[in-house]
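The values are calculated or read from the model by the stated rules, or taken from the named source; none is laboratory data. Source: prediction; values computed, not measured. Cβ coordinates were reconstructed from backbone atoms using ideal geometry, including for glycine residues, and neighbour counts include every protein chain displayed. When the accessible area is computed, the model is the full protein with side chains, heavy atoms only, and any ligands, DNA or RNA have been set aside. Shrake-Rupley method; radii C 1.70, N 1.55, O 1.52, S 1.80 Å.
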Amino acid sequence: MAEVVPFQGVRYNPELIHEMADVVAPPYDVISPQEQDGFHQRHPNNVIRLILGQKFPSDSVHENVHLRAGRFFEAWRSENILIQDSTSAFYLTTVSFSWQGEQYRRSAIVARVKLEPFDKGIILPHERTFSKVKSERLQLMKCCHANFSPIFSLFSDGEDDLSALYRLADTTVPEVDLVDDKGHRHCLWPISDPHMIHRITSFFQHKIIYIADGHHRYETALNYRDWVKETDPSYSPDHPANFVMMSLSSIEDPGMIILPAHRLLKQVSDQEFARLMNGITDYFDILSFDTSGGMEAALSEFSASLAAHSDRKAIGFFSRDKSLLQVMTLKEGVMARLLGEKIPAALRDLDVTVLTQLIMVHVMGFDQARLDDETKISYRTTISDAVAAAMEGEADLAFILNPTKIDQVRRVAENGLIMPRKSTYFFPKVISGLVFNLLR
């Protein structure tokens, strides 16, 4: 079903770039302004100049961040800072990391994947996207004609048919081996053996691909392909704009970690807070935690309780001004009774749906415009960071979630449904800068 093919990747020249850790960066959408500045200062050829360049007050349609990225990319290639591989290959990658005291390794295959509309059921999304972000990314692609960051996607490998490929990570020396700022080790092996290439392409012909991270980039790739089709006389079904670079990992990979995306709500009115306080007891059992003895001890008990009640759709809540720290566990049958006809079962089962549709919309009275307003809702992936942000005044309220399960992601995608934004945070993110894909 899916067309997954090798490609001649563009990579940093090891003869000129001696420390690969100096030129890579996380995906653009998880880089803070402080991190952005740091990557710019770290190395003149850091990938940040391609994926998230600096903007200036004087920018215009004739001189802007996207045009500068295009010039950087062209210059680095002409100076052999970036060089294209001479043969087509898949790229086996691994990321080794620790989480909560345990060691993990996640494997992936970086490949070109043929673009398909979602309604064909070959490549499936699971989250909503922001139109403004897609517009920004499209301008970048029009100026650079390349993929700089692979879309992180999933497939089911229940039979472990690619085990021979993954064993290369244990038996051969990688061409790229670096440790990033967070202590995560990233390795890369080009796979150009014809037998292995055939095995991989054949394997994916019978697979459905689920987008984990990079929905904006995938939809932008579709828009870019349509733009090329309209403007390039040489366009054909074999044109590289018909493909997008993906990092493909097995859903069953033991290193598949999903973190929650805790919500920070800003500019919550007194009326909205009152509706919350008055309404939640109708739908939730409330367990409160005493913070007078210190926040650290209270958060320890709170976190344990939230995890222990994960099967009951537990939502954590913190308000600095009201000194409230609570775990709210959903009463039985509430979602089916209130939203059964409006929301399919695969979505009703999600904690983020309980938070979004029951608490924010039904109880607090938020409309769609409020849910879409990025200036009023922000996110954190750890409980301590979310609570600290609220305590420091960055937000009025913090809602704390248990992580979405991988089977829930698959179920939602297979049913052709879409989760609320930021329902998942796959950890670690797929790093940018290991390999690039040319689109012309």
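To the nearest 20 debye, what is the magnitude of the charge dipole of the chain about its Cα centre, counting +1 on the Cβ of each Lys and Arg and -1 on the Cβ of each Asp and Glu?
For this selection, approximately 720 debye.
Please give the direction-averaged projected area of the C-alpha convex hull for segment 240-325, in square nanometres with one decimal.
Mean shadow area of the hull around the Cα atoms is 10.4 nm².
Hey, if you put +1 on the Cβ of every Lys and Arg and -1 on every Asp and Glu Cβ in segment 292-440, which of VAL352, LEU306, GLN326 ends up farthest toward the positive end of that dipole?
My answer, from the dipole projection, is VAL352.
Between segment 18-48 and segment 56-100, what's the alpha-carbon centroid distance in Å?
Computed from Cα coordinates, the inter-centre distance equals 11 Å.
With +1 on each Lys and Arg Cβ and -1 on each Asp and Glu Cβ, and nothing else charged, work out how big the dipole of segment 200-276 is about its Cα centre, in Debye to the nearest 20.
Here segment 200-276 has a charge dipole of around 180 debye.
Can you give me the solvent accessible area of ARG106 with a 1.4 Å probe, rounded to the nearest 10 Å²?
Solvent-accessible area, nearest 10 Å²: 10 Å².
Mean-square fluctuation check for the chain, GNM, Cα pairs under 10 Å: which of PRO57, PRO117, PRO420 is largest?
Residue with maximal mean-square fluctuation among PRO57, PRO117, PRO420: PRO57.
If you average the C-alpha positions of segment 140-183 and of segment 231-281 separately, how far apart do those two centres end up, in angstrom?
Computed from Cα coordinates, the inter-centre distance equals 20 Å.
Segment 190-264: which GluC sites (Glu not before Pro) are DSSP loop and have at most 15 other beta-carbon atoms within 10 angstrom?
When the GluC sites (Glu not before Pro) of segment 190-264 are filtered for loop state and at most 15 Cβ neighbours within 10 Å, GLU252 remain.
Of LYS266, LYS422, LYS120, which is the most mobile in a GNM of the chain whose springs link Cα atoms less than 10 angstrom apart?
Highest fluctuation among the options: LYS120.
Name the GluC sites (Glu not before Pro) in segment 283-370 that are in a loop by DSSP and that have at most 12 other C-beta atoms within 10 Å, would you?
On the way: sites: GLU296, GLU301, GLU332, GLU341; in loops: GLU332, GLU341.
Hits after loop and neighbour filter: GLU332, GLU341.
To the nearest 10 degrees, how steep is helix 131-144 against the longest Cα principal axis of the chain, on a 0 to 90 scale?
On a 0 to 90 degree scale, this one is about 10.
Taking only Cα atoms, what is the 0 to 90° angle, nearest 10, from helix 65-78's long axis to the longest principal axis of the chain?
30
Arrange the residues LEU16, LEU347 by how much accessible surface each exposes, largest first, with a 1.4 angstrom probe.
Highest to lowest solvent-accessible surface, that is LEU16, LEU347.
Specify which residue in the list GLY316, PHE273, GLN368 is farthest towards the positive end of the charge dipole of the chain, using unit charges on the beta carbon of Lys, Arg (+1) and Asp, Glu (-1), about the Cα centre.
With unit charges placed on the Cβ atoms, the residue in question is GLN368.
Mind checking the log10 I(q)/I(0) for segment 355-440 at q = 0.15, 0.20, 0.21 Å⁻¹? Debye, one equal scatterer per Cα, no solvent, two decimals.
-0.79, -1.15, -1.21
Are any of the pairs LYS114/LYS422; LYS266/LYS422; LYS313/LYS422; LYS322/LYS422; LYS142/LYS376; LYS114/LYS229 more than 19 Å apart by Cα-Cα distance, and if so, which?
In this structure, LYS114/LYS422; LYS322/LYS422; LYS142/LYS376 exceed 19 Å between Cα atoms.
Among ILE200, ILE211, ILE400, determine the one that fluctuates most according to a GNM of the chain built with springs between C-alpha atoms less than 10 Å apart.
Its mean-square fluctuation being the largest, the pick is ILE200.
Using heavy-atom solvent-accessible surface (probe 1.4 Å) with all chains present, what is the largest-first order of CYS187, CYS143? Mind showing how you got there, number by number?
Values: CYS187 5, CYS143 45 Å².
Largest accessible area first, the residues go CYS143, CYS187.
Of the options HIS62, TYR91, SER107, report the single residue whose Cα projects farthest towards the positive end of the charge dipole of segment 50-138 (beta-carbon charges: Lys, Arg +1; Asp, Glu -1).
Checked the options; the winner is SER107.
Evaluate 2.2 N^0.38 Å with N set to the residue count of segment 1-135, then give the Cα radius of gyration divided by it.
So the Cα radius of gyration is 1.26 times the expected 2.2 N^0.38 Å.
How large is the helix-only mean residue ellipticity at 222 nm for the chain, computed as the sum of -39500 (n - 2.57) over DSSP H runs with n ≥ 4, divided by its residue count, in deg cm²/dmol to the nearest 500?
One gets -9000 deg cm²/dmol as the mean residue ellipticity at 222 nm.
Would you list ARG71, ARG380 from the most to the least accessible area, probe 1.4 Å?
Values: ARG71 120, ARG380 70 Å².
Descending accessible area places them as ARG71, ARG380.
Mind checking the angle between helix 33-42 and the chain's longest principal axis? C-alpha axes, 0 to 90 degrees, to the nearest 10.
Once rounded, the angle reads 30 degrees.
What shape does segment 270-390 take by its C-alpha gyration tensor, where a ≥ b ≥ c are the square roots of the eigenvalues and a/c under 1.5 counts as rounded, a/b above b/c as prolate, and the rest as oblate?
Prolate.
So, with +1 on the Cβ of K and R and -1 on the Cβ of D and E, and no other charges, what is the size of the charge dipole of segment 267-364 about its Cα centre, to the nearest 20 debye?
Numbers: 9 positive and 13 negative charges, 55 e Å.
The dipole of segment 267-364 has a size of about 260 debye.
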